[in-house]
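The values are calculated or read from the model by the stated rules, or taken from the named source; none is laboratory data. This structure is a prediction, so every number in the text was calculated from the model and none was measured. So basically every Cβ, Gly included, is an ideal-geometry build from the backbone, and we count neighbours across all protein chains shown.
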Amino acid sequence: MNFGFFMLKIGLTGGIGSGKTTVAHIFKVLGIPVFDADTVAKDLMENNTELRDKLIAQFGTNVFESGKLNRKWLASIVFQDPHQLDLLNAQVHPMTLQAAENWFVQQDADYVIKEAALLFEAGAGAGLDFIIGVFAPPHIRIQRVMQRDGLSREEVLARIDRQVSDTIKMKLCDFVIVNDDQQLLTEQVLELHQKLIQLNIHNG
Ligand code: ATP
C-alpha cells in the first residue's frame, strides 16, 4: 500500500485540442487515478459559494445561467481580455491546487496523474515529479476543437494564442506523447505506463 508516501505524481498537459483528455482516458483504463484539474475548477466555480460570489462580483450575474456556469460566455470574455483571464485564474487556481493536494493523499496506486491545460502557466505543476506533454500539430488541434466545440477557426486560434506555445511547453516536459493521427496513441501510453511503474519502484 502506498497511501501517498512514495507515489509518483505525474502532470499531464498539452495545448487545447492536443488530446490530453483522450490520453488521460487510456491511463484510467490502465487503472491509474486521474485528477482532472479543469473539471474540478469548473465544479468549484459552480458549487463553491465563496468562489461563486467572487465571480459574480467580478463578471456580473451573466456568469451563471440557471445556476450553471455560463462557460461559453465566460470564455468569450476572458479569451479577449488577458487581464480578465488573469483575474479569473487568480480566483480559481489556488482552490484547484488545494483540491489536488487533498485528492493526492487519498490515492493508493503506482502513480497518479494530474491533468491540466495550464501546468506551467499557473504554477500548478508544483510538487509534481514528472510532466507528460501531449503534442499535436496546430492544424490538427484547430480541426479537432472546431469539430468538438462548434467554434470558428478564429475562436480556436484566439484560445491557442492565449496559451504558452506548445514548442516551449513540450521542451519543459519529461515525456512527450505525439497525438498526430500518425503514431499509435495506446502504444505510446502503454510504454510510458511501464516506464512510470519502474520509476516508482526505484523511487520508493
Ligand atoms: P482541451 O484542452 O480543449 O480540453 P484536450 O487536449 O483535452 O483538449 P481532447 O478533448 O482529448 O483534447 O481531444 C480534442 C478532440 O479531438 C476530442 O473531440 C477528441 O475526441 C479528439 N481526438 C483527440 N485525439 C484523437 C485521435 N488520436 N484520433 C481522433 N480524435 C482524437
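Summary of values
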| read-out | value |
| --- | --- |
| Single residue of LEU199, LEU192, LEU151, LEU119 found to be in a helix (DSSP H, G or I) and at pLDDT below 95 | LEU199 |
| Residues being in a helix (DSSP H, G or I), among the aliphatic types (A, V, I, L, M) and buried (at least 18 other Cβ atoms within 10 Å of the Cβ) - total across region 27-45 | 5 |
| Unmet requirement for PHE6, which otherwise passes all of (1) under 18 Å from the mean Cα position of the chain (by Cα); (2) among the aromatic types (Phe, Trp, Tyr); (3) at pLDDT below 90 | (1) |
| Residue pairs meeting the criteria (Cβ under 9 Å; at least 6 apart or on separate chains; first more than 13 Å from VAL178 (Cα to Cα) and touching a residue at least 12 places away in the same chain (Cβ under 8 Å), in region 5-20; second part of a loop (DSSP other than H, G, I, E, B) and within 7 Å of the ligand (Cβ to nearest atom)) | ILE16/ALA117 |
| Qualifying residues in region 115-137 (those that are aliphatic (A, V, I, L, M) and under 17 Å from ASP86 (Cα atoms)) - the one surrounded by the most Cβ atoms within 10 Å (Cβ to Cβ) | ALA116 |
| Test for SER18: is it within 16 Å of the ligand (Cβ to nearest atom), touching a strand residue (DSSP E or B) at 6+ places or on another chain (Cβ under 7 Å) and hydroxyl-bearing (Ser, Thr, Tyr) | yes |
| Complete set of residues in region 166-190 that are surrounded by fewer than 12 Cβ atoms within 10 Å (Cβ to Cβ) and more than 11 Å from the ligand (Cβ to nearest atom) | THR167, ILE168, LYS171, GLU187 |
| Checking GLU154 against (1) exposed (fewer than 14 other Cβ atoms within 10 Å of the Cβ); (2) more than 28 Å from ASP86 (Cα to Cα); (3) among the charged types (D, E, K, R), the condition it does not meet | (2) |
| Residue check for VAL134: touching a Ser or Thr at 6+ places or on another chain (Cβ under 6 Å) and under 22 Å from ILE32 (Cα atoms) | yes |
| Region 59-76 - residue that is part of a helix (DSSP H, G or I) and at pLDDT below 90 and, of those, surrounded by the fewest Cβ atoms within 10 Å (Cβ to Cβ) | LYS72 |
| Yes/no for LEU128 being closer than 16 Å to PHE35 by Cα and either assigned to a loop (DSSP other than H, G, I, E, B) or of a type in the set (Phe, Trp, Tyr) (or both) | yes |
| Residue that is in a helix (DSSP H, G or I), at pLDDT below 95 and within 18 Å of GLY19 (Cβ to Cβ), where the choices are THR167, THR186 | THR167 |
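Conditions tested, residue by residue: (1) hydroxyl-bearing (Ser, Thr, Tyr); (2) closer than 29 Å to ILE113 by Cβ; (3) free of Cβ contacts under 8 Å to residues at least 40 places away in the same chain.
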residue	(1), (2), (3)
THR39	yes, yes, yes
ASP43	no, yes, yes
PHE64	no, no, yes
LYS68	no, yes, yes
ILE77	no, no, yes
